[in-house]
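The values are calculated or read from the model by the stated rules, or taken from the named source; none is laboratory data. Model, not experiment: these values are computed from the prediction. Methodologically, a virtual Cβ is constructed for each residue, glycine included, from the backbone with ideal geometry; neighbour enumeration extends over all protein chains shown.
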Amino acid sequence: MRSITTPDGFTLTVHATLYMDWGLSITGNGADFYNPCCLSVDSYGASPPDSCPHCGADGPEGSCWDCGQGVDPVPWTDAQWQDCLRDEADDFIEAYVPAAGGVL
């Protein structure tokens with residue numbers, strides 16, 4: 001699941017929504033934040049592949065320079081989402097939870 005609970009009791013969850021971007025909710029400790037398009041697909045949810053699936057060139061993004069074929073990003077696993085949420089939890093809480101200093 002694309003969710004974590006911080007040591008101080010906040011639960012952060014990423015949601016796939018009908019928007020292009022990812023939704024984020026933060027609950028717990030009186031927090032009740034939800035935004036259906038909070039996390040940009042340009043920064044979250046997928047990474048470029050390690051190599052081109054067509055010709056094996058290293059690290060293509062968008063389209064491979066070696067063979068010219070389109071290259072799709074690799075969707076993040078639940079573990080990658082959880083790592084991201086753990087790494088950025090304090091920033092998200094500070095930004096979006098008024099009691100923690102955030103401004104809605």
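Observations on the structure shown:
- Of all the numbered requirements in (1) assigned to a strand (DSSP E or B); (2) modelled with pLDDT of 95 or more, Pro36 misses one, and that requirement is (2).
- Residue match in region 70-77 (condition: at pLDDT 90 or above, surrounded by 17 or more Cβ atoms within 10 Å (Cβ to Cβ) and assigned to a helix (DSSP H, G or I)): no
- For region 28-43, filtering for residues that are within 14 Å of Gly9 (Cα to Cα) and surrounded by fewer than 17 Cβ atoms within 10 Å (Cβ to Cβ) leaves 4.
- Count of residues meeting criterion [part of a strand (DSSP E or B), among the small types (Gly, Ala, Ser) and more than 13 Å from Trp76 (Cα to Cα)] in region 4-33: 4
- Test for Pro49: is it in contact with a Gly (Cβ under 7 Å, 6 or more places away or on another chain) and at pLDDT 75 or above: no
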